[in-house]
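Throughout, read-outs are computed from the coordinates displayed, never taken from laboratory work. Quick caveat: nothing in here was measured; it's all calculated off a predicted structure. Glycine gets a Cβ as well: all are built from the backbone with ideal geometry, and neighbour counts include every protein chain shown.
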Amino acid sequence: MSQGRRLLVPAVALVIGWTAANAGAVTKCSVMVRPGTGLIDVFAKGVTGDLLWGNRPGAVNHQFANAATCVAAGKATACELGATTPAITLAAITPPAQCTLYLKDSGPGCTIRIKGCTPGIRADTGFDARFGTDTSLAVAGTGLSCVLGEVRLVAGFVAGAIPAAGQLLPISGNGDLYALLQNTYGGDPGAGTFALPDLRNAAPSRLTYVICTNGTIPKAS
C-alpha cells in the first residue's frame, strides 16, 4: 500500500507571470513547485486587498488555503492552492486546468502559465482515488490486543483502538506512548500535550487507521 501512496517529486519549476502596468496591479506573479513535496506555491507583489485565484478568466474566486498568513505588506509568499496541514491535500499539488493560474486582487490581475505541466492530477503524485475518501469512519473502542504505538488498518464502525486522526492527547496518563511519539506529530509539551499521527488521507476508502494507545510496551529482544 505504501507504494501506491509514494510521491515522486518533479524538478523545481519557477514560472513568471505577467500583468498590465497599471497602478495597484498584481505584479511579478510566479509559481514554484517545491522539491520534496510537489506543493504548488504562488508568489506575487503589488497585492492590494484580498488575493484570489482561478483557472479561467471571469472565475477568479478561489481563496488560497493559507490566505490569512501568506499575504502581508503587499506581497504574496508561498500561497497554496489547497490545505497542507495536517496532511498535504490533493488540491495543493494539482495544477489548474490548462496549466494557467489567474490572480486578482482589488486592481488588475496577473496571469501565470505553468510551462511543462499537465492539467489535472499528475500521474507521478501517487494519489489514488481509492484512498482518502470517507476514511476514519470508526469510533474509538477497546478490545484490540496490540503493542503500544502499533498502527493497524480496520474496517467497521468500532475501531478497537483510537483512530489515528491527529488528535491531541495529554502527556499525563500517556507517558509510555509519549516516550515513543514525542511531539513528532504536534502538540505542545509546555501545555502538556502531544498529537497522534493523522493517517486519514493515507487510508483506503471506507477504512480506518487506528493506533494502539493502551497495549504491551515494546521491548528489545
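Pop the C-beta distance of Arg206 and Ala68 into the FRET formula with R0 = 30 Å and round what comes out to the nearest 0.05. Could the numbers behind the result be given before it?
Values: r = 33 Å, r/R0 = 1.11.
With a Förster radius of 30 Å, E is 0.35.
Assuming R0 = 41 Å, can you tell me the calculated FRET efficiency for the pair Gln98 and Val147, based on Cβ-Cβ distance, to the nearest 0.05?
On the way: r = 50 Å, r/R0 = 1.22.
Working from the Cβ atoms, E equals 0.25.
Sort 64-73, 102-111, 84-93 by packing, meaning the average of other beta carbons within 10 Å per residue, with the highest value first. Let's see the in-between values first.
On the way: 64-73: 15.0, 102-111: 19.9, 84-93: 17.0.
Top of the packing list down: 102-111, 84-93, 64-73.
Sort Leu52, Leu199 by Cβ crowding within 10 Å, fewest neighbours at the top. Walk me through the numbers on the way to the answer.
Values: Leu52 17, Leu199 23.
If I rank by nearby Cβ atoms, fewest first, I get Leu52, Leu199.
Taking 0.36 nm per intervening residue step and subtracting the Cα-Cα distance, what contour gain separates Lys75 from Leu168 on full extension? Intermediate values should be presented prior to the final figure.
Working: separation 93, 0.36 × 93 = 33.48 nm, distance 3.39 nm.
So the extension gain works out to 30.1 nm.
At what distance in nm do the modelled label points of Leu180 and Lys28 sit from each other, each positioned 7 Å from its Cα along Cα→Cβ?
Taking the two extended label points, one gets 5.0 nm.
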